[in-house]
Amino acid sequence: MNRFQVIPAAYVLLVEPATSGCLDRVLLSLRRNTGYMDEHWSFGAAGHVEAGESVLEAAVREAREELGVELRTSDLEPLTVMHRTAGTGDPIDERVDFFFAAHTWLGRPERREPHKAAAMRWFSLDELPAHVVPHELEVLEHLRTGDVPPVTVVGF
């Protein structure tokens, strides 16, 4: 049996508490010019874990780089770990994604990479946009129902 390598990534979802009977609001970005799922909404910040960096450090860095907010690792609430494959056998399509929520942060979120994100907007979990990156939508739907599994598997 051949072993394969996986690419780890950290995802950060900024969450505002619910108001007036609605569910919590989450900050999503509209992808553009990335070459992957362009014109789909996605978690506000996400990216690969770099060499010598923990997944927690990667999440904090991505939130700073993409949203301009400062997080502490203790601000990160683990949501789920997703092991996914596109089924191609190509190592680039073998992923382990670490999804986090943050309910507190310093600074005001802003679009720091306009060449990759056409827009940024708050959505209630019960009124998500039509086009969301599919594996991220799976996490959002679990969050909406309050039943997020510790480990999610997609594509196997």
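Derivation of every value follows stated rules applied to the coordinates shown; laboratory data play no part. If you're wondering where the values come from, they're calculated on a predicted model, not measured in any experiment. Neighbour counts run over all protein chains shown; Cβ positions are idealised from the backbone, glycine included.
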Expected vector for region 41-52, Karplus 3J(HN,Hα) from phi with 6.51, -1.76, 1.60 and θ = phi - 60°, integer Hz, x for Gly and Pro, equals 7, 8, 3, x, 9, 6, x, 5, 6, 8, 4, x
Would you mind ranking 37, 82 so that the residue whose beta carbon has the fewest other beta carbons within 10 Å leads the list? 37, 82
Can you sort 36, 11 by how many other beta carbons sit within 10 Å, fewest first? 36, 11
Between (1) 22; (2) 29; (3) 40, the structure-derived percent of Cα pairs over 26 Å apart is (1)
If you take the charge dipole of the chain about its Cα centre, with +1 on Lys and Arg Cβ and -1 on Asp and Glu Cβ, which of 115, 51, 14 is farthest toward its positive end? 115
Cα-based convex hull volume of region 1-91 per residue, rounded to whole Å³: 156
Spelling it out for residue 7: with amide H atoms placed in the peptide plane at 1.01 Å from N, the residues 5 or more places away or on another chain with amide H under 5 Å from its amide H are 94, 95, 96
Counted neighbours (other Cβ, 10 Å), sorted fewest up, put 92, 7 in the order 92, 7
So, over other residues within a Cβ distance under 15 Å of residue 39, counting Lys, Arg +1 and Asp, Glu -1, the net charge is +2
So which GluC sites (Glu not before Pro) in region 13-86 end up in coil per DSSP with only 16 or fewer other C-beta atoms within 10 Å? 39, 50, 53
Can you pull out the trypsin sites (Lys or Arg not before Pro) in region 31-108 whose DSSP state is coil and whose Cβ has at most 15 other Cβ atoms within 10 Å? 32, 72
